[in-house]
1. From the backbone phi of the range B:150-157, what are the Karplus-calculated ³J(HN,Hα) couplings (6.51 cos²θ - 1.76 cosθ + 1.60, θ = phi - 60°) in whole Hz, Gly and Pro given as x?
2. Where does helix A:179-194 land angle-wise versus the long Cα axis of chain A, in degrees 0 to 90, nearest 10?
3. Would you grab the residues whose amide H sits under 5 Å from the one on A:L55? Only those 5+ places off in sequence or on another chain, please, with H modelled 1.01 Å from N.
4. Taking amide H positions as placed 1.01 Å from N in the peptide plane, with prolines and chain starts having none, which residues 5 or more places from A:I44, or on another chain, fall under 5 Å of its amide H?
5. Compute the label-point distances linking B:V61 to its equivalents in the other copies; points lie 7 Å from Cα along Cα→Cβ; give nm, one decimal, shortest first.
6. How far is B:E100 from the same spot in each other copy, in nm, shortest first, if each label point sits 7 Å from Cα toward Cβ?
7. So how far apart, in nm, are the two label points at B:T147 and B:R165 if each is 7 Å from Cα heading toward Cβ?
8. Tell me, what ³J(HN,Hα) does each residue in the range B:3-19 have, in order and in whole Hz, if you take phi through Karplus 6.51 cos²θ - 1.76 cosθ + 1.60 with θ = phi - 60° and put x for Gly and Pro?
Protein chains: 2
Amino acid sequence: MFEVLFAHIEGKIHLTDQEKERIKPLFISRKLRRRQYLLQAEEICTHLTFVTKGLLRSYNVDDKGNEHINQFAWEGWWISDFYSFLTQEKAIFNIDAIEETEVLMISLQNYEELTVQVPAMDRYFRILYQNSLVTKDRRLMSSTTHTAEEKYLQFAKRYAQILQRIPQHLIASYLGLAPETISRIRRKWVSKEAI
Amino acid sequence: MFEVLFAHIEGKIHLTDQEKERIKPLFISRKLRRRQYLLQAEEICTHLTFVTKGLLRSYNVDDKGNEHINQFAWEGWWISDFYSFLTQEKAIFNIDAIEETEVLMISLQNYEELTVQVPAMDRYFRILYQNSLVTKDRRLMSSTTHTAEEKYLQFAKRYAQILQRIPQHLIASYLGLAPETISRIRRKWVSKEAI
DNA sequence: GCCGTCTCTTGATTTCAGACAAGAAAAAAC
DNA sequence: GTTTTTTCTTGTCTGAAATCAAGAGACGGC
C-alpha cells in the first residue's frame, strides 16, 4: 500500500526513512467493493483519499437527477470533496468505486499534523496542487473552447491506457456530453480509420 | 505595493519582519496601461504576477479567433500562465490589463529561491493553491451542470462588487456565453425585479 | 449456463444558446 | 464638444448536441 504513496511523494520531494515512519501512522487503509460509496453528498468529507489500487469517481447530482462526474482517480491519484474536507461543511460531491479499490486515507487533523511533523510535505502538496491547477485550467479551457468531438478525442488521447477501464457513459458524464454523442463520435472515427 | 502582498500572505501564515525584508528583493514591480499586454501567447511566461491595484484578465484565442477568458485578477489575486511558468514552455494564454494596473512579479528562479529562503512560503502557496482548486472545481461543475442563466446569476452574486468594473461581454467570455445571451438574461431579471 | 443488469448503438425530434445583423447608448479620445 | 470607439440591446435564423425511444450486445452474479 504505502509503496505507491511513497513512490508518488518521492517523485516530488525527498523523504528519509524516519519521515516515512512518521507518516505511516497518520493514514488508515480501506478496501472498497465495486459501487461502494466512499463519500455521499450532504455528509462531511472527513478524509483526503489516496488510491493505491483500483478506480474511483467523484460526481455531483443536479436538480434533475443527472450525474456529472468531476474526477476519476486511479492508482497514484488523490480524491476528495476538497471544499467539504477543508471547511468541514456538507459535501456536494459523491465518491464511489468503479472497480474494487484500495485506498489510504488521512483525516484533516492528521493532514495538518503531517505538515507540522514533516514540513517537506507542505512542499509536496504545493507542487501537487500546482500541477492540478494546470490540469484544471486546461480542462476548463477545453470545456468552453472545444467541440464535443475535440473534447472526446483529447481525452481519449491523453488517457489512452485508462480508457478501457472506464465505461463510455461515465466518460460522457465527465466531459459533459450525452452518451449518444460519444457513441456517434466513435462511429465516425471507426469508419474513418477503416479507410 | 508590498502592503497588499504581505496582507494577503499574512492572511494565511505568519511572517517576521526579517522574512519580509528577504522577500521584497525577489519581486519586481511594474505598471500597466489599459489594454497593455503582460504576456502574449507563444511567449514564455517568465513571472508569476500579483496584482496590487487594477484589473487583469488571462484568455486564450481559439482557431476561429474567438477569445475565451480564463481568469480575472484584481487587487490581491495572482495570475500567470501557470503551465508556461512552471515548464518554461510557450504560453497558450494572453494576459492584459482591463484597467490601469500595478503588479508585483516574481521569476521562476526567485519563486524557487523564495521557498528555500522562507520555507513558510511553501505552506502559503500550498494553502493558496488548495483554495484555488476548490474554486476551480466549483467553476468546472458549474460549467457542465448549470444553464446559461444559472451561470450568470451565480457569478453576479459571487462577484457583486467587481461586477461594475468588468464589461459584460468580458463576463460572457469568462462564462463561455455569447454577450447577447447575458444581455437577454439581464433584461429578463430587470423586468422581473420591476414587478 | 442462464437471467438480469449494464453498456452501447442508431434513428427521429427538439431545444438552448450561438451566429449574424443592425442600431442605440455610453464612454473615451482628441 | 465633437468624433470615434466601445459596449449593450433586440430581432431573426441556425446548428450542435440533448432528449426521447428502442433494440442489440456484453458482462456479472448466482
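Throughout, read-outs are computed from the coordinates displayed, never taken from laboratory work. Worth saying up front: this structure is predicted, and the values here are computed from it rather than measured. Please note: Cβ atoms are built from the backbone with ideal geometry, for glycine as well, and neighbour counts cover all protein chains shown.
1. Those phi angles translate into 4, 4, 5, 5, 4, 4, 4, 6 Hz.
2. Long axis of A:179-194 versus the principal axis of chain A: about 70 degrees.
3. Residues meeting the criterion, in which the H sits 1.01 Å from N, are A:I98, A:E99.
4. Under 5 Å from the amide H of A:I44 lie the amide H atoms of A:A91, each far enough along the sequence or on another chain.
5. 4.6
6. 6.8
7. Once both label points are built, they end up 3.2 nm from each other.
8. 4, 5, 5, 5, 4, 5, 5, 6, x, 10, 9, 8, 10, 7, 4, 4, 4
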